[in-house]
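J.: Take a look at this one; I'll ask things after.
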Amino acid sequence: MVNLIWLLMLVAGIVVAGLNGNIEIVTRAALEAAQNAVTLSFELIGLMAMWLGLLKIAEEAGIVSLLAKILRPLTNYLFPEIPRNHPATGSIIMNLSANILGLGNAATPFGLKAMQEMQSLNKKPDEATPAMCTFLALNTGCFTLIPATIIGVRAAANSTDPAIVVGPTIIATGFSMIMAIIFDRLFRRIYNGRRG
Amino acid sequence: MTEIVVEISRWAIPIILLLIPVYGYLRGVPVYETFVTGAEDGFKVAVKIIPFLVGMLVAIGVFRASGAMDLFAGVLNPVLQLIGVPGEILPLALMRPLSGGGALGIAAELIGSYGPDSFIGRLASVMQGSTDTTFYVLTVYFGSVGVRRYRYALALGLLSDISSLMAAIAICQIMFG
């Protein structure tokens, strides 16, 4: 699916630009995007280092394993193939907590750590495991308590009540998280017929 | 309400930066040394995702800049009108899974031109706050561990995006419509 969407975006873009007579826009957009990708990943280095450093302290101090222990019934249900006490669980929990609090820049480092740990359980290293798919579905459809960025944008636009969108966002993301879990269960069943 | 939420988001990171090291120190963790050990991984991961990010951002960039995305929005527009969704919101809905920065730009623009307290302004805010940049997340997360075959992850992510979009529209129509 990703191959097809990737190809379609390129083909549609080039055809439309060609028909509109401004094909040079394709060249510019492509080169700019390629450079942007590198800038973006370099910006990630500092954030990654900072949050992974804090995560390591939290791990050594026992905070992560405490959280993992409290939420074990939930993670066992969502990720049946991750063994008990595996470090992946702790990173998954840290990532989802950061997402819920609206701390986008902390969520990514924790999430990438979780991916590394899930990859250590992967028998086919170039293929996504069911646990990874579940994790990404939870991530993109994550429950959000504080949509911090958009509150900032609304406040800057002189809204009479910038935070009025918090309630609807909580309801919408709560719903989408439930839907993500339901869809995930369906896909798991369709794709491998395995238990869980 | 507003003030509480704004204060929480202002304090969240400083409090985390305070609590974790202090608690760690009290538990006998050599905090600075541990921090540095953990931070080492940052560079490796960032470099590893570059090819994945270049591939995805180039396709998205061409799709956007050429006007193909706007054309696609024009085709979808009549369908959305039927269920009472203002057409102005469609570019945001299409951009949201592709590019976080792009979507925020469109949301800010909608909030600016229709007003933050208009129906469109509120709907744009809820949509921006309740969905995620699925393509970016998949690209970066899978890229960081070298997974190239995504299996059903993209379909799953997009389905969950569509359901949060639908939920955002329904809730805004009930509460603000």
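J.: Using the Kirkwood radius over Cα pairs, work out the Stokes-Einstein diffusion coefficient for region B:85-134 at 25 °C and 0.890 mPa s, in µm²/s as a whole number. Before the final figure, lay out each step's value.
T.: Details: Rh = 10.4 Å.
Here the translational diffusion coefficient equals 237 µm²/s.
J.: While we're looking at this one, here's another question. Once phi is turned into ³J(HN,Hα) by the Karplus curve 6.51 cos²θ - 1.76 cosθ + 1.60 with θ = phi - 60°, what whole-Hz value does each residue of region A:62-79 show in order, with x for glycine and proline?
T.: Listing the rounded values in order: x, 5, 5, 6, 5, 4, 4, 5, 5, 9, 4, x, 5, 5, 4, 5, 6, 10 Hz.
J.: May I pose another question? A 24 angstrom limit on the alpha carbon distance is what I want to check against. Which of A:Lys69/B:Lys44; A:Lys124/B:Lys44; A:Lys56/B:Lys44 exceed it? List each step's numbers first, then the result.
T.: Values: A:Lys69/B:Lys44 30 Å; A:Lys124/B:Lys44 21 Å; A:Lys56/B:Lys44 16 Å.
In this structure, A:Lys69/B:Lys44 lie more than 24 Å apart at Cα.
J.: Let me ask something else. How tilted is helix A:166-192 with respect to the longest principal axis of chain A? Cα atoms for both, answer in degrees (0 to 90, nearest 10).
T.: Helix A:166-192 sits roughly 80 degrees off the main axis of chain A.
J.: Inverting the mean 1/r over all pairs of different Cα atoms, compute the Kirkwood radius of region A:123-190 and quote it in Å.
T.: Details: mean 1/r = 0.0718 Å⁻¹.
After inverting the pairwise mean of 1/r, the radius is 13.9 Å.
J.: Now for a separate question. Cα axis of helix B:68-82 to longest principal axis of chain B: angle in degrees, 0 to 90, nearest 10?
T.: Relative to chain B, helix B:68-82 is tipped by roughly 60 degrees.
J.: Report, in debye and to the nearest 20, how large the dipole of the protein assembly as shown comes out about its Cα centre when Lys and Arg carry +1 and Asp and Glu carry -1 on their Cβ. The partial results should precede the final answer.
T.: Values: 24 positive and 22 negative charges, 256 e Å.
Around 1240 debye, computed over the protein assembly as shown.
J.: Still on this structure: Can you work out the PRE-style zone for B:Trp11? Point 7 Å along Cα to Cβ, and I want the residues of region A:156-173 with backbone N under 11 Å.
T.: Once the point is set 7 Å along Cα→Cβ of B:Trp11, nothing inside region A:156-173 turns out to lie under 11 Å by backbone N.
J.: Same structure, new question: For B:Val47, B:Val79, A:Val26, which order do you get if you count the other beta carbons within 10 Å of each Cβ and list the fewest first? Mind showing how you got there, number by number?
T.: Working: B:Val47 15, B:Val79 10, A:Val26 20.
Arranged by neighbour count, lowest to highest, B:Val47, B:Val79, A:Val26 become B:Val79, B:Val47, A:Val26.
J.: Tell me the Kirkwood hydrodynamic radius of chain B in angstroms, computed as one over the mean inverse distance between distinct C-alpha pairs.
T.: Values: mean 1/r = 0.0521 Å⁻¹.
After inverting the mean inverse Cα-Cα distance, the result is 19.2 Å.
J.: Based only on other Cβ atoms within 10 Å, what is the fewest-to-most ordering of A:Phe175, B:Phe135?
T.: Details: A:Phe175 20, B:Phe135 26.
With the fewest neighbours first, A:Phe175, B:Phe135 line up as A:Phe175, B:Phe135.
J.: Return one number: the angle in degrees, 0 to 90 and rounded to the nearest 10, between the long axis of the Cα atoms of helix B:2-26 and the longest principal axis of the Cα atoms of chain B.
T.: 20
J.: Report the semi-axes of the equivalent ellipsoid for the protein assembly as shown in whole Å, largest first, where each axis is √(5λ) for an eigenvalue λ of the Cα gyration tensor. Don't skip to the answer; put the middle values down first.
T.: Numbers: eigenvalues 212, 127, 88 Å².
Its equivalent ellipsoid spans semi-axes of 33, 25, 21 Å.
J.: Reachable lysines from A:Lys123, Cα under 21 Å, same-chain residues fewer than 8 places away excluded?
T.: Partners found: A:Lys113, B:Lys48.
J.: Filter the GluC sites (Glu not before Pro) in region B:4-78 down to the DSSP loop ones having no more than 14 other Cβ atoms within 10 Å, then list what survives. Can you show the working numbers first?
T.: Values: sites: B:Glu7, B:Glu33, B:Glu40; in loops: B:Glu40.
In loop regions of region B:4-78 (DSSP not H, G, I, E or B), the sparsely surrounded GluC sites (Glu not before Pro) are B:Glu40.
J.: For region B:100-177, place one equal point scatterer on every Cα, skip the solvent, and apply the Debye formula. What is log10 of I(q)/I(0) at q = 0.21 Å⁻¹?
T.: Calculated log10 I(q)/I(0) at the listed q: -0.92.
J.: Can I ask one more? Report, largest value first, the span of the C-alpha coordinates of chain A along each principal axis, in whole Å.
T.: 60, 49, 33
J.: Additional query: Net charge near A:Met94: determine it from the other residues with C-beta under 12 Å of the C-beta of A:Met94, scoring Lys and Arg +1 and Asp and Glu -1.
T.: Values: positive: A:Lys56, A:Lys113; negative: A:Glu59, A:Glu117.
Taking every other residue near A:Met94 into account, the sum is 0.
Read-outs: derived from the displayed coordinates by stated rules, not from any lab. Everything quoted here is computed from the prediction, not taken from an experiment. Every residue, glycine among them, receives a Cβ derived from its backbone with ideal geometry; neighbour counts consider all protein chains shown.
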